[in-house]
Amino acid sequence: MQRELSLTFEHEGVAPGTVMFHGFSRGAANSYAVVARDATEGPGYYLLAVANSGKPSQNYPPNVEIQAGLLGQQPLEGTNWVTFCGERDANPARDGCPGMREAAAWIERFGGAVLKAIEDPTADHGGFHKSAANVNAALDVFAGLLAR
């Protein structure tokens, strides 16, 4: 996936360090490996990653590689993250706030920085997209990083 995204970014003239990557549900569960590959293999396109309602799957082969140190000891070093969860998610341990708190700890364990954890007490699984306040909170983090 990262190879294809990199080819697209290169073709379109996208500068490294200017992209916000957003993954929802299974996309969030896969985002950790995509961002790790970008951070370790280059060129570092992702300025911010938003993991929305999906913690890293422990048995997903690219995450197994991360945990085994195959991408280095800190493959998320230098990466910035926003996590989102809804308190009313039907699968709290995987996609809800308990799961996303685990995701934040996992990100930090491998060198990433969680700049904002959005926990919406009224949201369900798709709550990030249903609330302008949630989306704007993530965009505000991205804008702040771009302004540096």
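All of the numbers you see were taken from the coordinates with simple rules; none came from a lab. This structure is a prediction, so every number in the text was calculated from the model and none was measured. Positions of Cβ are backbone-derived with ideal geometry, glycine not excepted, and every protein chain shown enters the neighbour counts.
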Task: Glu87 versus Ala15: modelled label distance in nm, points set 7 Å from Cα along the beta carbon direction - done: 4.1 nm
- [ ] Loop sites only, by DSSP: take the GluC sites (Glu not before Pro) in the chain that have at most 16 other C-beta atoms within 10 Å and name the longest stretch containing none of them.
- [x] 1-76
Open item on the list: Tell me the mean residue ellipticity at 222 nm calculated for the chain from its helices only (DSSP H runs of n ≥ 4, each -39500 (n - 2.57), averaged over every residue, nearest 500).
Closed with: -13500 deg cm²/dmol
Task: Span from the the stretch 1-67 Cα centroid across to the the stretch 112-141 one, whole angstrom - done: 19 Å
Open item on the list: As an exercise, use a Förster radius of 30 Å and the Cβ-Cβ distance of Glu77 and Arg3 to find the FRET efficiency, rounded to the nearest 0.05.
Closed with: 0.90
- [ ] Please label the shape of the stretch 1-87 as rounded, prolate or oblate, based on the square roots a ≥ b ≥ c of the eigenvalues of the alpha-carbon gyration tensor (a/c under 1.5 means rounded; beyond that, a/b larger than b/c means prolate, else oblate).
- [x] oblate
